[in-house]
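A short worksheet on the structure shown next.
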Amino acid sequence: NAANSDFFRKITHELKTPLTVISGYAQLNARRVMRGIDSQKTLEELDTVRSEAERLAEMVTKLAEYSYGKKSEASMTELSVPELCEEAAGILSPICAKRGNRLLLGSICDKTVCGNRELLLQVFINLVVNANRHTECGVIKISAEFQKMSGETEFIVADDGNGIPDEVRAHIFEQGYSADGSSGLGLTICEDIMKTHGGSIRLVSTSADGTVFAFRVPCR
């Protein structure tokens, strides 16, 4: 029962993001239609809505499989680092815009990683949503660097928000711990996903000038 409860709490947390993206883009494009505005950007955003709807459907399928006692392992494929970062930015930009934040892509290495697209996107989503919660009218940046010594790509999510209080830092990866009214599951899910990939996630730095998180994914 405890395992089931934990699973459903996590899947509920993950289902919220695609619903938020779909809702945000639908409202934005409805306003554009009413104003008679039609552009290439509108088509791109509608494509993001379609993609997120498909991702949501996949999550529901996994939930159904779990309910019937089936187990499905995460399939790993080669993923382009630039494409992964661009897709994450496309999904998350409207969420950041609601608080007046800009989501930017910094330096992105031209590598591939071995991973599960949906799970890695979820890590981006959880980190950026957290950054957005603590940043207002600021900048959130995604970048990626190849680490030659370890053969991994390090993805970095940085913001210029108000930082994480000292008393919270030691508990940020603890399941259910929250100091801001959130579910306290986002970073726990990220850590689980990194373990699945044989990678790692860490808090690089935090201060009143912003916070930086990084996660590493093997390139092979």
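Sub-7 Å Cβ pairs linking a first residue in the range 68-88 that is hydroxyl-bearing (Ser, Thr, Tyr) and open to solvent by 60 Å² or more (accessible area, probe 1.4 Å) to a second residue that is outside any helix (DSSP H, G or I) and modelled with pLDDT under 95, at least 6 apart or interchain, are Ser75/Asn116, ordered by first then second residue. A Cβ distance below 7 Å, combined with a sequence gap of six or more or placement on separate chains, defines the contacts here; from the range 28-40, residues that are within 20 Å of Lys98 (Cα to Cα) reach residues that are of a type outside the set (D, E, K, R) and outside any loop (DSSP other than H, G, I, E, B) in the pairs Leu28/Pro94; Asn29/Thr42; Asn29/Leu46; Arg32/Thr42. Per the conditions (1) modelled with pLDDT of 70 or more; (2) part of a helix (DSSP H, G or I); (3) more than 18 Å from the chain's Cα centre (by Cα), the sole criterion not satisfied by Ile37 is (2). I want to confirm something. Restricting to the range 103-137 and keeping residues that are in contact with a helix residue (DSSP H, G or I) (Cβ under 7 Å, 6 or more places away or on another chain) and part of a strand (DSSP E or B), which single residue is farthest from Phe215 (Cα to Cα)? For the range 103-137, the residue satisfying everything is Leu103. The set of residues from the range 139-172 being touching a residue at least 60 places away in the same chain (Cβ under 8 Å) and either part of a strand (DSSP E or B) or not small (Gly, Ala, Ser) (or both) comprises Ala144, Phe146, Gln147, Glu152, Thr153, Glu154, Phe155. Kindly establish whether Phe155 is closer than 19 Å to Thr12 by Cα and either open to solvent by less than 40 Å² (accessible area, probe 1.4 Å) or out of contact with any His (no Cβ under 9 Å at 6 or more places or on another chain) (or both). No.
The values are calculated or read from the model by the stated rules, or taken from the named source; none is laboratory data. Bear in mind that the values here come from a model prediction, so they are computed numbers and not experimental data. Heads up, the Cβs are rebuilt from the backbone with ideal geometry, glycines too, and the neighbour counts pull from every protein chain shown. When the accessible area is computed, the model is the full protein with side chains, heavy atoms only, and any ligands, DNA or RNA have been set aside. Shrake-Rupley method; radii C 1.70, N 1.55, O 1.52, S 1.80 Å.
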